[in-house]
Amino acid sequence: MAYRFSRRIVSTPKSFIRETLKATQAADIISFAGGLPNPECIDTAGIGRAAADVIREDGKRALQYATTEGHEPLREYIAERYRRRYGLDAQPDEILITNGSQQCLDLIGKVLIDAGDAVAIERPGYLGAIQAFSLYEPVFQPVPLAPDGPDTGVLEETLRTHEPAFFYGIPNAQNPSGITYSDRRRRECAKILAEYETVFVEDDAYGELRFDGKAMVPVARHLPGLGVMTGSFSKIFSPGMRLGWIYAPADLYEKLVIAKQASDLHSNYLSQRILSRYLEANDIDAHIATIRDAYRMRAQVMVQSMEELFPDGVAFTRPEGGMFVWVTFPEGISSLELFERALAHRVVMLPGVPFYTDGGGESTGRFNFTNADPETIRKGIGIIGDLLREMRG
Ligand SMILES: Cc1ncc(COP(=O)(O)O)c(C=O)c1O
(Lines give C-alpha, C1' and ligand atoms only; values in the text may rest on other atoms or scores of the structure.)
Protein backbone atom coordinates (compact mmCIF):
# COMPACT_ATOMS: atom_id res chain seq x y z
CA MET A 1 0.00 0.00 0.00
CA ALA A 2 1.45 3.39 -1.01
CA TYR A 3 0.27 5.58 1.87
CA ARG A 4 0.08 9.30 1.28
CA PHE A 5 2.05 10.32 4.35
CA SER A 6 1.93 13.86 5.65
CA ARG A 7 4.80 16.14 4.70
CA ARG A 8 5.57 16.65 8.38
CA ILE A 9 6.16 12.97 9.16
CA VAL A 10 8.17 12.38 6.01
CA SER A 11 10.53 15.22 6.92
CA THR A 12 11.00 14.13 10.56
CA PRO A 13 14.11 12.06 11.28
CA LYS A 14 13.88 8.68 12.99
CA SER A 15 15.40 8.79 16.44
CA PHE A 16 18.92 7.47 15.94
CA ILE A 17 19.05 6.86 19.70
CA ARG A 18 15.98 4.64 19.82
CA GLU A 19 17.16 2.76 16.75
CA THR A 20 20.63 2.30 18.23
CA LEU A 21 19.26 1.23 21.58
CA LYS A 22 17.24 -1.48 19.90
CA ALA A 23 20.40 -2.85 18.33
CA THR A 24 22.41 -2.66 21.52
CA GLN A 25 20.31 -4.22 24.21
CA ALA A 26 22.18 -7.53 24.28
CA ALA A 27 23.46 -8.30 27.77
CA ASP A 28 27.11 -8.59 26.69
CA ILE A 29 27.27 -5.09 25.17
CA ILE A 30 28.99 -2.24 26.98
CA SER A 31 26.69 0.65 26.17
CA PHE A 32 27.66 4.29 26.36
CA ALA A 33 24.99 5.03 23.76
CA GLY A 34 21.75 5.58 25.68
CA GLY A 35 20.78 7.96 28.44
CA LEU A 36 19.26 5.54 30.90
CA PRO A 37 19.33 6.28 34.60
CA ASN A 38 21.23 3.67 36.56
CA PRO A 39 18.75 0.95 37.64
CA GLU A 40 20.20 1.13 41.18
CA CYS A 41 18.96 4.72 41.31
CA ILE A 42 15.30 3.78 40.94
CA ASP A 43 13.70 3.24 44.35
CA THR A 44 11.49 0.30 43.41
CA ALA A 45 10.60 -0.52 47.02
CA GLY A 46 9.55 3.05 47.80
CA ILE A 47 7.55 3.37 44.57
CA GLY A 48 5.91 0.00 45.27
CA ARG A 49 4.77 1.18 48.71
CA ALA A 50 3.47 4.47 47.31
CA ALA A 51 1.54 2.62 44.58
CA ALA A 52 -0.04 0.23 47.08
CA ASP A 53 -0.99 3.12 49.39
CA VAL A 54 -2.66 5.08 46.58
CA ILE A 55 -4.67 2.12 45.35
CA ARG A 56 -5.71 1.10 48.86
CA GLU A 57 -6.56 4.58 50.11
CA ASP A 58 -8.03 6.28 47.05
CA GLY A 59 -7.95 3.78 44.18
CA LYS A 60 -11.28 4.69 42.60
CA ARG A 61 -10.30 8.32 42.17
CA ALA A 62 -6.70 7.60 41.22
CA LEU A 63 -7.96 5.43 38.35
CA GLN A 64 -10.44 8.03 37.04
CA TYR A 65 -10.11 10.75 34.43
CA ALA A 66 -8.49 13.87 35.83
CA THR A 67 -7.74 17.50 34.95
CA THR A 68 -5.49 18.47 32.05
CA GLU A 69 -3.35 20.76 34.22
CA GLY A 70 -2.35 17.90 36.53
CA HIS A 71 -2.61 16.82 40.18
CA GLU A 72 -2.76 19.97 42.29
CA PRO A 73 -0.42 18.89 45.14
CA LEU A 74 2.20 17.89 42.57
CA ARG A 75 1.97 21.28 40.88
CA GLU A 76 2.28 22.95 44.27
CA TYR A 77 5.31 20.82 45.06
CA ILE A 78 7.06 21.81 41.81
CA ALA A 79 6.25 25.52 42.21
CA GLU A 80 7.48 25.51 45.81
CA ARG A 81 10.70 23.76 44.80
CA TYR A 82 11.29 26.37 42.08
CA ARG A 83 10.79 29.16 44.61
CA ARG A 84 13.16 27.59 47.12
CA ARG A 85 15.84 26.24 44.79
CA TYR A 86 15.82 28.75 41.94
CA GLY A 87 14.34 31.87 43.51
CA LEU A 88 11.62 31.92 40.84
CA ASP A 89 8.27 33.45 41.65
CA ALA A 90 6.49 30.26 40.51
CA GLN A 91 2.84 29.49 41.29
CA PRO A 92 1.02 26.15 40.87
CA ASP A 93 -1.25 27.59 38.19
CA GLU A 94 1.84 28.13 36.01
CA ILE A 95 2.81 24.44 36.18
CA LEU A 96 1.39 21.95 33.66
CA ILE A 97 2.06 18.26 34.31
CA THR A 98 3.11 16.43 31.14
CA ASN A 99 3.75 12.93 29.93
CA GLY A 100 7.54 13.16 30.43
CA SER A 101 9.36 16.36 29.55
CA GLN A 102 9.51 15.11 25.97
CA GLN A 103 5.83 16.01 25.70
CA CYS A 104 6.66 19.59 26.69
CA LEU A 105 8.71 19.88 23.52
CA ASP A 106 5.87 18.57 21.39
CA LEU A 107 3.37 20.95 23.00
CA ILE A 108 5.72 23.91 22.64
CA GLY A 109 6.17 23.02 18.97
CA LYS A 110 2.39 22.81 18.52
CA VAL A 111 1.78 26.15 20.17
CA LEU A 112 4.70 28.24 18.89
CA ILE A 113 5.88 26.89 15.51
CA ASP A 114 4.26 27.44 12.12
CA ALA A 115 5.81 25.63 9.15
CA GLY A 116 8.79 27.60 7.89
CA ASP A 117 9.37 29.50 11.16
CA ALA A 118 12.93 29.77 12.41
CA VAL A 119 13.78 27.98 15.66
CA ALA A 120 17.13 28.72 17.31
CA ILE A 121 18.76 25.67 18.89
CA GLU A 122 22.14 24.83 20.38
CA ARG A 123 24.79 23.27 18.16
CA PRO A 124 25.08 20.37 18.93
CA GLY A 125 21.45 20.12 20.02
CA TYR A 126 19.30 17.62 21.90
CA LEU A 127 18.13 14.98 19.47
CA GLY A 128 14.73 14.53 21.10
CA ALA A 129 14.02 18.25 20.67
CA ILE A 130 15.19 18.25 17.07
CA GLN A 131 12.79 15.39 16.43
CA ALA A 132 9.86 16.87 18.38
CA PHE A 133 10.14 20.31 16.73
CA SER A 134 10.74 18.82 13.26
CA LEU A 135 7.11 17.65 13.17
CA TYR A 136 6.10 21.31 12.96
CA GLU A 137 8.47 21.93 10.02
CA PRO A 138 10.66 24.74 11.33
CA VAL A 139 13.94 25.93 9.86
CA PHE A 140 16.56 25.32 12.53
CA GLN A 141 19.08 28.07 13.21
CA PRO A 142 21.95 26.50 15.15
CA VAL A 143 23.81 28.52 17.78
CA PRO A 144 27.24 27.00 18.51
CA LEU A 145 28.13 26.13 22.08
CA ALA A 146 31.35 27.44 23.62
CA PRO A 147 32.65 25.62 26.73
CA ASP A 148 30.64 27.97 28.95
CA GLY A 149 27.44 28.38 26.92
CA PRO A 150 26.02 29.60 23.61
CA ASP A 151 28.04 31.87 21.34
CA THR A 152 26.19 35.07 22.20
CA GLY A 153 27.41 36.86 19.07
CA VAL A 154 25.75 34.21 16.90
CA LEU A 155 22.69 34.21 19.15
CA GLU A 156 22.22 37.94 18.70
CA GLU A 157 22.77 37.75 14.94
CA THR A 158 20.28 34.85 14.73
CA LEU A 159 17.59 36.71 16.65
CA ARG A 160 18.17 39.85 14.60
CA THR A 161 18.14 38.26 11.16
CA HIS A 162 15.83 35.25 11.57
CA GLU A 163 13.38 36.33 14.30
CA PRO A 164 12.98 32.75 15.56
CA ALA A 165 9.82 31.53 17.28
CA PHE A 166 12.04 30.79 20.30
CA PHE A 167 15.50 29.71 21.37
CA TYR A 168 15.69 26.22 22.88
CA GLY A 169 18.59 25.39 25.18
CA ILE A 170 19.73 23.26 28.12
CA PRO A 171 21.82 25.41 30.49
CA ASN A 172 22.50 22.62 33.01
CA ALA A 173 24.65 19.67 31.86
CA GLN A 174 23.53 19.97 28.27
CA ASN A 175 22.57 16.90 26.28
CA PRO A 176 24.66 15.95 24.32
CA SER A 177 27.72 18.06 25.20
CA GLY A 178 27.66 17.87 29.01
CA ILE A 179 28.50 21.59 29.25
CA THR A 180 26.89 23.97 31.76
CA TYR A 181 26.32 27.65 30.97
CA SER A 182 28.25 29.98 33.26
CA ASP A 183 26.35 32.63 35.22
CA ARG A 184 27.76 35.28 32.91
CA ARG A 185 26.50 33.51 29.77
CA ARG A 186 23.08 33.04 31.35
CA ARG A 187 22.80 36.78 31.96
CA GLU A 188 24.11 37.62 28.49
CA CYS A 189 21.64 35.23 26.83
CA ALA A 190 18.77 36.68 28.87
CA LYS A 191 19.76 40.24 27.95
CA ILE A 192 19.83 39.45 24.23
CA LEU A 193 16.58 37.45 24.36
CA ALA A 194 14.85 40.29 26.24
CA GLU A 195 16.15 42.84 23.73
CA TYR A 196 14.64 40.87 20.84
CA GLU A 197 11.59 39.78 22.86
CA THR A 198 12.28 36.15 22.11
CA VAL A 199 11.06 33.25 24.24
CA PHE A 200 13.71 31.00 25.81
CA VAL A 201 12.64 27.39 26.20
CA GLU A 202 14.89 26.29 29.07
CA ASP A 203 15.05 22.52 29.26
CA ASP A 204 16.14 21.68 32.79
CA ALA A 205 16.11 17.88 32.64
CA TYR A 206 19.43 17.77 34.54
CA GLY A 207 19.22 20.72 36.95
CA GLU A 208 18.91 18.41 39.98
CA LEU A 209 21.89 16.37 38.83
CA ARG A 210 24.62 18.97 39.28
CA PHE A 211 27.41 17.09 40.98
CA ASP A 212 28.12 19.82 43.54
CA GLY A 213 24.43 19.87 44.49
CA LYS A 214 24.32 23.67 44.12
CA ALA A 215 21.56 25.11 41.98
CA MET A 216 22.55 27.64 39.33
CA VAL A 217 20.23 30.55 38.65
CA PRO A 218 18.08 29.66 35.62
CA VAL A 219 17.97 31.96 32.60
CA ALA A 220 14.20 32.25 33.22
CA ARG A 221 14.89 34.22 36.39
CA HIS A 222 16.51 36.96 34.29
CA LEU A 223 13.78 36.81 31.66
CA PRO A 224 10.34 37.54 33.12
CA GLY A 225 7.49 36.87 30.71
CA LEU A 226 9.75 35.19 28.15
CA GLY A 227 11.16 32.26 30.12
CA VAL A 228 9.54 28.84 29.75
CA MET A 229 11.06 25.95 31.71
CA THR A 230 10.62 22.25 31.23
CA GLY A 231 11.38 19.70 33.93
CA SER A 232 11.42 15.95 34.35
CA PHE A 233 10.96 13.31 37.04
CA SER A 234 12.66 10.75 34.82
CA LYS A 235 16.18 11.20 36.16
CA ILE A 236 15.29 11.59 39.85
CA PHE A 237 12.30 9.25 40.19
CA SER A 238 11.57 6.96 37.22
CA PRO A 239 11.54 7.43 33.44
CA GLY A 240 8.92 4.70 33.00
CA MET A 241 6.35 6.70 34.99
CA ARG A 242 6.55 9.38 32.23
CA LEU A 243 6.16 12.51 34.29
CA GLY A 244 7.46 15.97 33.53
CA TRP A 245 6.17 19.52 33.57
CA ILE A 246 6.17 22.92 31.89
CA TYR A 247 6.45 26.18 33.78
CA ALA A 248 5.08 28.93 31.58
CA PRO A 249 3.67 32.48 31.81
CA ALA A 250 -0.17 32.71 31.87
CA ASP A 251 -0.92 33.50 28.19
CA LEU A 252 1.33 30.75 26.93
CA TYR A 253 0.14 28.36 29.64
CA GLU A 254 -3.45 28.67 28.47
CA LYS A 255 -2.51 27.65 24.92
CA LEU A 256 -0.35 24.77 26.14
CA VAL A 257 -3.32 23.42 28.09
CA ILE A 258 -5.48 23.47 24.94
CA ALA A 259 -2.75 21.68 22.99
CA LYS A 260 -2.40 19.07 25.71
CA GLN A 261 -6.14 18.53 25.96
CA ALA A 262 -6.19 17.81 22.23
CA SER A 263 -3.24 15.42 22.55
CA ASP A 264 -4.12 13.21 25.51
CA LEU A 265 -6.67 14.93 27.82
CA HIS A 266 -4.24 14.60 30.74
CA SER A 267 -1.08 12.82 31.85
CA ASN A 268 -1.32 9.40 33.46
CA TYR A 269 -3.17 10.25 36.67
CA LEU A 270 -2.20 7.09 38.53
CA SER A 271 1.49 7.89 37.92
CA GLN A 272 0.93 11.41 39.23
CA ARG A 273 -0.77 10.13 42.36
CA ILE A 274 1.97 7.57 43.02
CA LEU A 275 4.67 10.21 42.60
CA SER A 276 2.80 12.63 44.83
CA ARG A 277 2.44 9.98 47.52
CA TYR A 278 6.11 9.04 47.13
CA LEU A 279 7.14 12.67 47.67
CA GLU A 280 5.06 12.81 50.87
CA ALA A 281 6.51 9.63 52.32
CA ASN A 282 10.17 9.86 51.26
CA ASP A 283 13.10 12.23 51.47
CA ILE A 284 13.59 13.00 47.77
CA ASP A 285 16.58 15.24 48.51
CA ALA A 286 18.42 12.34 50.12
CA HIS A 287 17.51 10.16 47.14
CA ILE A 288 18.75 12.79 44.67
CA ALA A 289 22.00 13.11 46.65
CA THR A 290 22.57 9.36 46.26
CA ILE A 291 22.02 9.59 42.51
CA ARG A 292 24.36 12.59 42.24
CA ASP A 293 27.10 10.75 44.13
CA ALA A 294 26.75 7.67 41.92
CA TYR A 295 26.91 9.74 38.73
CA ARG A 296 29.73 12.03 39.90
CA MET A 297 31.87 8.99 40.63
CA ARG A 298 31.11 7.43 37.22
CA ALA A 299 31.80 10.70 35.40
CA GLN A 300 35.18 10.88 37.14
CA VAL A 301 35.98 7.30 36.14
CA MET A 302 35.03 7.99 32.52
CA VAL A 303 37.02 11.23 32.24
CA GLN A 304 40.04 9.70 33.96
CA SER A 305 39.88 6.61 31.73
CA MET A 306 39.72 8.87 28.66
CA GLU A 307 42.72 10.83 29.91
CA GLU A 308 44.72 7.64 30.39
CA LEU A 309 43.48 5.38 27.60
CA PHE A 310 42.61 7.61 24.63
CA PRO A 311 45.41 8.61 22.25
CA ASP A 312 46.63 12.21 22.10
CA GLY A 313 44.52 14.62 20.10
CA VAL A 314 41.15 13.49 21.45
CA ALA A 315 39.29 16.28 23.28
CA PHE A 316 36.43 15.73 25.74
CA THR A 317 34.25 17.73 28.08
CA ARG A 318 34.42 17.44 31.87
CA PRO A 319 30.77 17.56 32.89
CA GLU A 320 29.61 19.24 36.11
CA GLY A 321 26.46 17.14 36.13
CA GLY A 322 24.04 15.14 34.02
CA MET A 323 24.84 11.99 32.13
CA PHE A 324 27.16 12.63 29.20
CA VAL A 325 30.71 13.32 28.09
CA TRP A 326 31.12 14.81 24.61
CA VAL A 327 34.16 13.70 22.66
CA THR A 328 35.84 15.37 19.69
CA PHE A 329 38.11 12.98 17.82
CA PRO A 330 41.04 14.11 15.68
CA GLU A 331 39.99 15.35 12.24
CA GLY A 332 39.59 12.51 9.76
CA ILE A 333 38.29 10.03 12.34
CA SER A 334 34.71 9.14 11.43
CA SER A 335 32.64 8.47 14.52
CA LEU A 336 30.21 6.42 12.40
CA GLU A 337 33.09 4.14 11.42
CA LEU A 338 34.21 4.05 15.05
CA PHE A 339 30.66 3.09 16.02
CA GLU A 340 30.68 0.13 13.58
CA ARG A 341 34.12 -1.04 14.71
CA ALA A 342 33.28 -0.66 18.39
CA LEU A 343 30.01 -2.56 17.95
CA ALA A 344 32.03 -5.49 16.55
CA HIS A 345 33.92 -5.41 19.89
CA ARG A 346 30.63 -5.20 21.79
CA VAL A 347 31.00 -1.56 22.84
CA VAL A 348 28.70 1.25 21.66
CA MET A 349 28.73 5.03 21.85
CA LEU A 350 26.60 7.52 19.95
CA PRO A 351 28.06 9.21 16.85
CA GLY A 352 27.60 12.99 16.99
CA VAL A 353 26.21 13.60 13.48
CA PRO A 354 22.46 13.47 14.32
CA PHE A 355 22.92 16.21 16.93
CA TYR A 356 23.76 18.75 14.21
CA THR A 357 20.83 20.34 12.41
CA ASP A 358 23.08 21.80 9.71
CA GLY A 359 25.49 18.93 9.00
CA GLY A 360 28.96 18.41 10.44
CA GLY A 361 30.03 16.71 13.64
CA GLU A 362 31.49 13.69 11.81
CA SER A 363 34.34 13.42 14.31
CA THR A 364 32.28 13.79 17.48
CA GLY A 365 30.49 11.38 19.78
CA ARG A 366 28.38 11.24 22.94
CA PHE A 367 29.32 8.93 25.79
CA ASN A 368 26.84 8.13 28.57
CA PHE A 369 28.41 7.30 31.93
CA THR A 370 25.42 6.63 34.17
CA ASN A 371 24.40 3.16 33.16
CA ALA A 372 27.60 1.10 33.44
CA ASP A 373 29.61 0.21 36.54
CA PRO A 374 33.07 1.78 36.97
CA GLU A 375 35.11 -1.26 35.86
CA THR A 376 32.97 -1.66 32.77
CA ILE A 377 33.39 2.03 31.94
CA ARG A 378 37.16 1.69 32.10
CA LYS A 379 37.13 -1.48 30.03
CA GLY A 380 34.90 0.05 27.33
CA ILE A 381 36.94 3.25 27.11
CA GLY A 382 40.10 1.12 26.80
CA ILE A 383 38.60 -0.76 23.84
CA ILE A 384 37.62 2.50 22.13
CA GLY A 385 41.09 3.93 22.82
CA ASP A 386 42.69 0.90 21.08
CA LEU A 387 40.35 1.28 18.11
CA LEU A 388 41.19 4.98 17.79
CA ARG A 389 44.90 4.14 17.66
CA GLU A 390 44.17 1.47 15.03
CA MET A 391 42.10 3.90 12.93
CA ARG A 392 44.85 6.48 12.97
CA GLY A 393 47.20 3.78 11.67
C1 LIG B 1 17.61 17.37 27.63
C2 LIG B 1 16.48 16.42 27.69
N3 LIG B 1 15.23 16.88 27.62
C4 LIG B 1 14.17 16.07 27.68
C5 LIG B 1 14.32 14.70 27.80
C6 LIG B 1 13.10 13.84 27.84
O7 LIG B 1 13.00 13.20 29.04
P8 LIG B 1 11.62 12.70 29.68
O9 LIG B 1 10.57 12.74 28.62
O10 LIG B 1 11.90 11.32 30.14
O11 LIG B 1 11.33 13.64 30.79
C12 LIG B 1 15.61 14.16 27.87
C13 LIG B 1 15.80 12.71 27.96
O14 LIG B 1 16.85 12.18 28.07
C15 LIG B 1 16.72 15.04 27.81
O16 LIG B 1 17.96 14.60 27.83
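The values are calculated or read from the model by the stated rules, or taken from the named source; none is laboratory data. What you are looking at is a predicted structure, and each value in this text was computed from that prediction instead of being measured. Cβ placement follows ideal geometry from the backbone for every residue including glycine, while neighbour counts extend to all protein chains displayed. Heads up: the accessible areas ignore ligands, DNA and RNA and are worked out on the full protein's heavy atoms, side chains in. Shrake-Rupley method; radii C 1.70, N 1.55, O 1.52, S 1.80 Å.
Ignoring any ligand, DNA or RNA, what whole percent of the accessible area of the stretch 44-281 comes from carbon and sulfur when the probe is 1.4 angstrom? The partial results should precede the final answer.
On the way: 4670 of 9350 Å².
Carbon and sulfur together cover 50 percent of it.
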Exercise for review: Report, to two decimal places, the Cα Rg of the stretch 251-393 normalised by 2.2 N^0.38 Å (N = number of residues).
Suggested key: 1.40
Exercise for review: Please give the per residue volume of the convex hull enclosing the alpha carbon atoms of the stretch 236-310, rounded to a whole number of Å³.
Suggested key: 162
**Study point:** Length-normalised contact order of the stretch 44-281 in % [C-alpha pairs under 8 Å, at least 6 apart]
**Key:** 28
Revision key, fill the gap. Taking the dipole of the stretch 44-281 about the Cα centre (Lys, Arg +1; Asp, Glu -1; charges at Cβ), the one of 115, 227, 177 that reaches farthest to the positive side is 177
**Study point:** Gain upon complete extension [residue 196, residue 391; 0.36 nm per residue less C-alpha separation]
**Key:** 65.5 nm
Point to revise | Candidates per trypsin sites (Lys or Arg not before Pro) in the stretch 212-291, loop by DSSP, up to 12 other Cβ within 10 Å | key: 214
Review point. Pairs 14/60; 110/191; 214/255: which exceed 30 Å Cα-Cα?
Key: 14/60; 214/255
Point to revise | Restricting the stretch 282-354 to chymotrypsin sites (Phe, Trp or Tyr not before Pro) in coil, as DSSP defines it, with at most 12 other Cβ within 10 Å | key: none
Exercise for review: Could you order peptides 169-179, 345-355 by the average number of other Cβ atoms within 10 Å of their residues, highest first?
Suggested key: 169-179, 345-355
Check your understanding: Where in the stretch 335-351 does the label zone of residue 38 land, with the point 7 angstrom along Cα→C-beta and an amide N cut-off under 18 Å?
Key -> none
Practice item. Considering the convex hull of the alpha carbon atoms of the chain, report its projected area averaged over all viewing directions, in nm², one decimal. Key: 20.3
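Which value in deg cm²/dmol, rounded to the nearest 500, describes the helix-derived mean residue ellipticity at 222 nm for the chain, given -39,500 (n - 2.57) per DSSP H run of n ≥ 4 and division by the residue count?
On the way: 13 runs with 174 residues, N = 393.
Result for the chain, helices only: -14000 deg cm²/dmol.
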Exercise for review: Go through the stretch 147-209 and name the chymotrypsin sites (Phe, Trp or Tyr not before Pro) that are in a DSSP coil and have 16 or fewer other Cβ atoms within 10 Å of their Cβ.
Suggested key: 196
Study note, to complete from the structure: With bins of 10 Å, the percent of all Cα-Cα pairs of the stretch 319-393 per bin from 0 is 19, 53, 27, 2
Study note, to complete from the structure: Heavy-atom accessible area per residue of the chain, all protein chains kept, 1.4 Å probe, expressed in Å², is 44
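Could you tell me the relative contact order of the stretch 308-393? Use alpha-carbon pairs under 8 Å, at least six residues apart, and round to a whole percent. Mind showing how you got there, number by number?
Details: 116 pairs, mean separation 30.7, N = 86.
It comes to 36 percent, rounded to a whole number.
Could you calculate the FRET efficiency of residue 91 with residue 115 from 1/(1 + (r/R0)^6), where r is the beta carbon distance between them and R0 is 41 Å, rounded to 0.05?
Details: r = 34 Å, r/R0 = 0.82.
Given R0 = 41 Å and the Cβ-Cβ separation, E is 0.75.
How much length, in nm to one decimal, is gained on full extension between residue 286 and residue 261, taken as 0.36 nm per residue of separation minus their Cα-Cα distance? Mind showing how you got there, number by number?
On the way: separation 25, 0.36 × 25 = 9.00 nm, distance 3.50 nm.
Extra length available between residue 286 and residue 261 comes to 5.5 nm.
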